[in-house]
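Notes follow once the structure below has been shown.
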Amino acid sequence: MAMSKYLDVFRFSVRDQTAYLPAFMARNLFFVVILFVFFSLWRVVFAESGVIAGFTIVQTLWYLTFTEAIELSRSSVLQTVQADVKDGTIAYDLTRPYSYVVFSLARGVGEAVAKLALVLVVGFVVATVFVGPLPGYFSALPFGVLVIFGGIVLNVLWHLVIALLAFWTEEVMPFHWILQKLVFILGGMFFPIEFFPDWLARIARVLPFAFSAYWPARTMVAFSFDGFLVAVVGQAIYIGVLLALALGIFALAKRRVHAHGG
Amino acid sequence: MRTVGRRRAFPVSLIGRYLRFNLAAAIEYRTAFLVQVFGMALNNSAFIFFWLILFERIGSDIRGYEFSDVMFVWAIVASGYGLAVVVMGNASQISRIVYTGELDVYLLQPKTVLPNVLFSRMVVSGIGDFLYGIVLFVATHPVTARNVALFVVFVALVATLMTAMRVLYHSLTFFFGNAEAFALTASDLAVSFVLYPGSIFRGPAVWLLHSLVPAALMGYIPVALFREFDPVRFGLLILADGAIVVIAIAAFHLGLRRYESGNRIGTRT
């Protein structure tokens, strides 16, 4: 029963986003451009060897559609929570009968899921046109959807944790830039972690950033049940850790809220 | 309101005053200033690792492009972009200035409108981009007089071209009501292409990158000239850049004739 209100928030957030999807897609012309640029790059790079680190050009371009889909469908939770903290709106939320952290999580995930669906469709069409269909796409899809959703939840939680730091620093965007670049590089945003030198790949695979990009995309383009299990278990652990961190930070931060009537 | 006639030429000393004033305003919030500058430099650094890993994995050049070539393009584009938004940071705001009627404030001042608009705003994080480009250049290329001279020239050309493209795209707002979304996307488009080796593109894309999305003028031709300088090709590059600047200025002034005041009352403080 307690969870149902957050499911309602999630549902409302998905519905709200459908009103803004045309504008969202117009902005995401960028997604098509990036896929074209990487298609051009991989066409040259793969012309030499055909297969790199066990991946074909088809797998590598499709891989990018999934990592970019998770990245581009990010919610506005970072901006919303930061604004709530900076302008003091958060004081009103403290009196409401819900957990602000879980409420923001549900709202952020709802927003991201609505965007994700559309970006995945665009990625499907564009990648098919450039390099043809992905072998095993439909058999991996039920598993892939689950871990892509896990990647979305992880991203929203990261943004929530960073946004709550505004209680201390006010401006949090530089933390976001650093996180984003860690996901870009160590998370395997542009190419699979198998492309990395071995020593770096061993470290990168177990870091939380890989569970927002590499593991979900790898599940789709090079499915194995073992890999899928690693992705699910890893995401569950990091979701638990980040949720606890967000709740902990919020509990500490609440002490810094001063209400002056009004 | 029709825009009116003669204005005094734009004094170079005013550019210096704008820069000093904008910088002083930014430094007033010291922590935010430093965070933005160094945050942007750190942000850009991530892409070095992307190219390092890729070049190491494939063990050869990418159709004629070595790692140092890609870093040269990154260096001139980062510094050029930084210089453009630090010195002429208002270029990306032209659409908003036009459709909100804020242009009235500039029209009332006895200075040439376009430079007065362009130089009056600074994007602070651009300092981080500018410095990052210099550090990247010094770290990946021998610092000789010839290399430094070419780097400086190409950074200035990239900054000029980027600003001209923004002026051109945003001037469409005079004609179509609000071209802001298009102008922002179109301005970013050339940067999205230029940061990858130009030799990977073929077919119609090559024509596009030499014309409507001038990534070739920003990066591909400069890196070829940096490798092997050819005065004729360099002259053609200057002519092409100059043509885009002239077209951008003409588009702005043609648009200015169509501008109608919103009778907005405002001040610039």
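The values are calculated or read from the model by the stated rules, or taken from the named source; none is laboratory data. Please read all numbers here as calculations on a predicted model, not as lab measurements. Here the Cβ is made from the backbone with ideal geometry for all residues, glycine too, and neighbour counts use every protein chain on show. Just so you know, the surface numbers come from the protein's heavy atoms only, side chains and all, with ligands and any DNA or RNA stripped out. Shrake-Rupley method; radii C 1.70, N 1.55, O 1.52, S 1.80 Å.
In the set B:Thr185, B:Thr160, B:Thr173, only one residue is touching a residue at least 40 places away in the same chain (Cβ under 8 Å) and closer than 30 Å to B:Glu66 by Cα; that residue is B:Thr160. The sole residue among B:Ala78, B:Ala26, B:Ala84, B:Ala91 that is within 14 Å of another protein chain (Cβ to nearest Cβ) and within 23 Å of the chain's Cα centre (by Cα) is B:Ala26.
Restricting the first member to the stretch A:79-91 and to residues that are farther than 14 Å from A:Phe250 by Cβ, and the second to residues that are of a type outside the set (Lys, Arg) and at pLDDT 80 or above, the beta-carbon pairs closer than 7 Å and six or more apart or on different chains are A:Lys86/A:Ala166.
Considering the conditions (1) part of a helix (DSSP H, G or I); (2) open to solvent by 50 Å² or more (accessible area, probe 1.4 Å), A:Val156 is excluded by exactly one of them, (2).
As for the stretch B:139-147, it holds no residue that is open to solvent by less than 10 Å² (accessible area, probe 1.4 Å) and part of a loop (DSSP other than H, G, I, E, B).
For (1) open to solvent by 20 Å² or more (accessible area, probe 1.4 Å); (2) in a helix (DSSP H, G or I); (3) at pLDDT below 95, each residue gets a yes or a no:
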site: B:Ser199; (1), (2), (3): yes, yes, yes
site: B:Ser211; (1), (2), (3): yes, no, yes
site: B:Val232; (1), (2), (3): yes, yes, no
site: B:Leu237; (1), (2), (3): no, yes, no
site: B:Ile247; (1), (2), (3): yes, yes, no
site: B:Gly262; (1), (2), (3): yes, no, yes
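Does the stretch A:194-227 hold any residues that are more than 18 Å from A:Leu154 (Cα to Cα) and either open to solvent by 20 Å² or more (accessible area, probe 1.4 Å) or basic (Lys, Arg) (or both), and which are they? Selection gives A:Glu194, A:Pro197, A:Asp198, A:Trp199, A:Leu200, A:Arg202, A:Ile203, A:Ala222, A:Phe223, A:Ser224, A:Phe225, A:Asp226. Look at the stretch B:38-58: where a residue is more than 7 Å from chain A (Cβ to nearest Cβ) and a partner is part of a helix (DSSP H, G or I) and of a type in the set (Gly, Ala, Ser), sitting 6+ places away or on another chain with Cβ atoms under 6 Å, you get B:Met40/B:Ser125; B:Met40/B:Gly128; B:Ala41/B:Gly128; B:Asn44/B:Ala78.
Matching residues to (1) within 28 Å of A:Val147 (Cβ to Cβ); (2) buried (at least 21 other Cβ atoms within 10 Å of the Cβ):
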| site | (1), (2) |
| --- | --- |
| A:Phe30 | yes, no |
| A:Phe38 | yes, yes |
| A:Ala83 | no, no |
| A:Thr95 | no, no |
| A:Phe103 | yes, no |
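Annotation for the stretch B:13-25: no member residue is modelled with pLDDT under 85 and open to solvent by less than 20 Å² (accessible area, probe 1.4 Å).
Of the numbered criteria (1) surrounded by 22 or more Cβ atoms within 10 Å (Cβ to Cβ); (2) within 18 Å of A:Tyr214 (Cβ to Cβ); (3) among the hydrophobic types (A, V, I, L, M, F, W, C), the one A:Leu120 fails is (1). The set of residues from the stretch B:83-129 being assigned to a helix (DSSP H, G or I), of a type in the set (Val, Ile, Thr) and over 23 Å from B:Ala181 (Cβ atoms) comprises B:Val86, B:Val87, B:Val105, B:Val113, B:Ile127. Restricted to the stretch A:164-185, and to residues there that are β-branched (Val, Ile, Thr) and more than 9 Å from chain B (Cβ to nearest Cβ), the residue that is surrounded by the fewest Cβ atoms within 10 Å (Cβ to Cβ) is A:Val172. Picking from residues in the stretch A:228-256 that are small (Gly, Ala, Ser) and surrounded by fewer than 15 Cβ atoms within 10 Å (Cβ to Cβ), the one that is farthest from A:Met189 (Cα to Cα) is A:Ala251.
Of everything in the stretch B:105-138 that's touching a Gly at 6+ places or on another chain (Cβ under 7 Å) and of a type outside the set (Gly, Ala, Ser), which residue is most open to solvent (accessible area, probe 1.4 Å)? Among those residues, the one meeting the criterion is B:Arg121.
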